[in-house]
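Notes follow the structure.
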């Protein structure tokens, strides 16, 4: 199984809603990532978890709250978002740098978020 | 972590070899160079990775000169389906940041 599964594929939410994006992988990877991608722009790193601990937080606003409940799951909790937060949110996983084939990220198909 | 610079876009024709160069002047000793391909509305896909000299796999080659301040992704005999955005990344530990990317258009 070389898949990273993201749900939902599409999400429309109002600025006062609370929602969550979910990501799951069963490749035994111990590093998981959230990226945000706007149209015609590169993916922008948001958060990195290594061995279920947050290792990188790119000064993301607190209205985005990541959670890594176990080594296979990664959530992104959304609250009080702004219309400019509308984007494709990509989850990825990899082996941590100390093991195996470094640098190969496996991406999900993304969750397309629209904030009204 | 290496800041990367690539051409914004490139055009090619089917069957040609395409070389995309990435500049990373401030690459650190521990940084690897990794290339990804992305189609619209999909996540990026790993192509190849290297540290120095030449690396080849079934889809591409990667050339990194001795000073490691640049790298060149070589795609042999491209087809229409190779039309995509190509990103080079400087990589260290789990810190994976994408540069602006090169939009490659392959024409018939």
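FYI, it's all coordinate maths here, none of it is from the lab. The structure presented is a predicted model; accordingly, all values stated were derived computationally and were not measured. With ideal geometry, Cβ positions are generated from the backbone for all residues, glycine too; neighbour counts draw on all protein chains shown.
Return a yes/no flag: does the range A:99-116 have any residue that is more than 14 Å from chain B (Cβ to nearest Cβ), in a strand (DSSP E or B), farther than 27 Å from residue B:48 by Cα and under 12 Å from the mean Cα position of the chain (by Cα).
no
Collect the residues in the range A:4-34 that are more than 11 Å from chain B (Cβ to nearest Cβ), in a loop (DSSP other than H, G, I, E, B) and touching a strand residue (DSSP E or B) at 6+ places or on another chain (Cβ under 8 Å), keeping them in residue-number order.
Answer for the range A:4-34, where residues must be more than 11 Å from chain B (Cβ to nearest Cβ), in a loop (DSSP other than H, G, I, E, B) and touching a strand residue (DSSP E or B) at 6+ places or on another chain (Cβ under 8 Å): A:8, A:14, A:15, A:17, A:27.
State which residue is nearest to the other protein chains (Cβ to nearest Cβ) when the search covers only the range B:50-70 and only residues that are in contact (Cβ under 8 Å) with a residue 24 or more places away in the chain and assigned to a strand (DSSP E or B).
This residue is B:62.
Restricting to the range A:46-70, name every residue that is within 12 Å of chain B (Cβ to nearest Cβ) and either touching a residue at least 60 places away in the same chain (Cβ under 8 Å) or under 14 Å from residue A:85 (Cα atoms) (or both).
Result: A:46, single match.
Among the residues of the range B:23-43 satisfying the criterion of being touching a residue at least 40 places away in the same chain (Cβ under 8 Å) and under 18 Å from residue B:105 (Cβ atoms), which is nearest to the chain's Cα centre (by Cα)?
B:35
Going by the structure shown, is residue B:85 under 11 Å from the mean Cα position of the chain (by Cα) and under 30 Å from residue A:5 (Cβ atoms)?
So residue B:85 fits the description; yes.
Out of everything in the range B:88-103 that is surrounded by 18 or more Cβ atoms within 10 Å (Cβ to Cβ) and under 16 Å from residue B:11 (Cα atoms), what residue ends up being nearest to the other protein chains (Cβ to nearest Cβ)?
Here the answer is B:101.
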